[in-house]
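J.: Please find one structure pasted underneath; my questions will follow.
The values are calculated or read from the model by the stated rules, or taken from the named source; none is laboratory data. Owing to the predicted nature of the structure, the values given are computational and were not obtained by experimental measurement. Here Cβ is always computed from backbone atoms with ideal geometry, including for glycine, and neighbour counts include all displayed protein chains. Accessible surface areas use protein heavy atoms only, side chains included; no ligands, DNA or RNA. Shrake-Rupley method; radii C 1.70, N 1.55, O 1.52, S 1.80 Å.
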Amino acid sequence: MGNPGAFKRSLLFSALSYLGFETYQVISQAAVVHAAAKVFRVEEILEQADYLYESGETEKLYQLLSQYKESEDAELLWRLARASRDIAQLSGTSEEEKKLLVYEALEYAKRALEKDESSFAAHKWYAICISDVGDYEGIRAKIANAYKIKEHFEKAIELNPKDATAIHLMGIWCYTFAEMPWYQRRIAEMLFATPPSSTYEEALGYFHRAEQVDPNFYSKNLLLLGKTYLKLHNKKLAAFWLTKAKDYAAHTEEDKQIQTEAAQLLTGFSDKN
């Protein structure tokens with residue numbers, strides 16, 4: 001105790017150090033709790049979003065996810081891209097609104113991919129949204145983006161071989177280029193040294209593969225199996241798949257449109273016979 005002043009300063013320093021450590025612990029624990037709460041909150045939102053999507057509540061889903069458009073979570077962003085696109089597809093959406101929503105969806109999908117390149121869904125929806133935007137930018141842009149679209153669908157399938165939708169979309173890519181009109185082929189030849197091309201057989205392979213992964217998952221896959229068999233002049237199998245598409249339980253506007261198209265194609269069979 002030879003120097004009371006030094007002892008007091010030492011005691012004060014020890015007290016402050018202890019208080020600092022305690023404060024650090026409190027702040028650290030609060031940060032962990034906040035981070036955990038944030039993760040829980042995101043998971044809760046995703047659960048609500050998936051429930052609304054499965055229930056066909058398109059507008060409610062968009063309203064929910066639009067609140068988080070500034071999010072940096074890839075899982076939220078690709079779902080928002082999907083929701084924006086689904087709203088754009090509704091019959092009550094004006095052409096002006098549809099265009100805005102299509103570009104909005106592309107931006108969300110792009111951000112989702114930037115946040116997580118290992119997300120198969122981000123790759124899938126980025127490819128879908130690029131294709132949609134092509135409808136507004138002309139046939140040259142659509143063909144120019146063809147390889148990019150294919151690349152992202154293939155990546156989505158690589159990351160998740162059990163995703164029937166991505167496999168189906170790869171089938172649509174093949175079907176589209178198999179039936180490409182001659183004037184579009186000329187444009188493709190001008191844009192690429194090796195222009196994108198495919199066959200109905202390739203398309204058929206993807207549609208069947210999608211069906212094997214998840215039977216009856218999508219009315220359009222059934223319809224396109226029927227239409228592809230028509231292109232390959234196999235009326236028996238075409239009728240089989242078109243009948244399945246016609247009898248598919250409709251849950252969405254698209255399902256109803258597909259039922260109508262399938263019924264019309266089948267009626268065409270009857271008229272010719």
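J.: Given N residues in the range 143-217, what is Rg(Cα) / (2.2 N^0.38 Å)?
T.: Taking N as the residue count of the range 143-217, the ratio is 1.16.
J.: Okay, moving on. Report the convex hull volume per residue for the range 39-137, counting only C-alpha atoms, in Å³.
T.: Cα convex hull per residue, to the nearest whole number: 92 Å³.
J.: Taking a probe of 1.4 Å, how large is the accessible area per residue of the range 39-137, in Å²?
T.: Numbers: 5270 Å² over 99 residues.
That works out to 53 Å² per residue.
J.: Tell me, what % of the accessible area of the range 219-268 is carbon and sulfur with a 1.4 angstrom probe?
T.: After summing per-atom areas, the C and S share lands at 55 percent.
J.: Once you treat every alpha carbon in the range 150-273 as an equal point and sum by Debye, what is log10 I(q)/I(0) at q = 0.17, 0.20, 0.23 Å⁻¹?
T.: The Debye formula, applied to the Cα set alone, gives -0.90, -1.12, -1.27.
J.: Another question, then. Round to a whole number: what % of the accessible area of the range 39-137 belongs to carbon and sulfur, probe 1.4 Å?
T.: 45 percent
J.: Under a crude label model (7 Å from the Cα following the beta-carbon direction), how far is residue 179 from residue 147 in nanometres?
T.: Result for the modelled spin labels: 2.6 nm.
J.: Take the residue pairs 124/236; 60/246; 69/162; 69/124; 99/150 and return only those whose Cα atoms are more than 27 Å apart. Before the final figure, lay out the partial values.
T.: Details: 124/236 33 Å; 60/246 29 Å; 69/162 29 Å; 69/124 19 Å; 99/150 23 Å.
Going by Cα-Cα distance, 124/236; 60/246; 69/162 fall outside the 27 Å limit.
J.: Can you work out the accessible area per residue across the range 219-268, with the rest of the protein chains kept in place, probe 1.4 Å, in square angstrom?
T.: 53 Å²
J.: Once you place label points 7 Å from the Cα toward the Cβ at residue 213 and residue 41, how far apart are they in nm?
T.: If labels sit at residue 213 and residue 41, their model points lie 3.4 nm apart.
J.: Still on this model: Note down the net charge around residue 77, summing +1 for each Lys or Arg and -1 for each Asp or Glu among other residues with Cβ under 11 Å from its Cβ. Present the calculation step by step, with values, prior to reporting the outcome.
T.: Details: positive: 69, 79, 82, 110, 111, 115; negative: 70, 72, 73, 75, 107, 114, 116.
Cβ neighbours under 11 Å give a net charge of -1.
J.: Still on this model: Can you spot the aspartates and glutamates whose alpha carbon is less than 20 Å from residue 244's alpha carbon? Ignore those fewer than 8 places along the same chain.
T.: Counting by Cα, and skipping residues close in sequence, residue 244 has these aspartates and glutamates nearby: 211, 214, 253, 254, 255, 261, 271.
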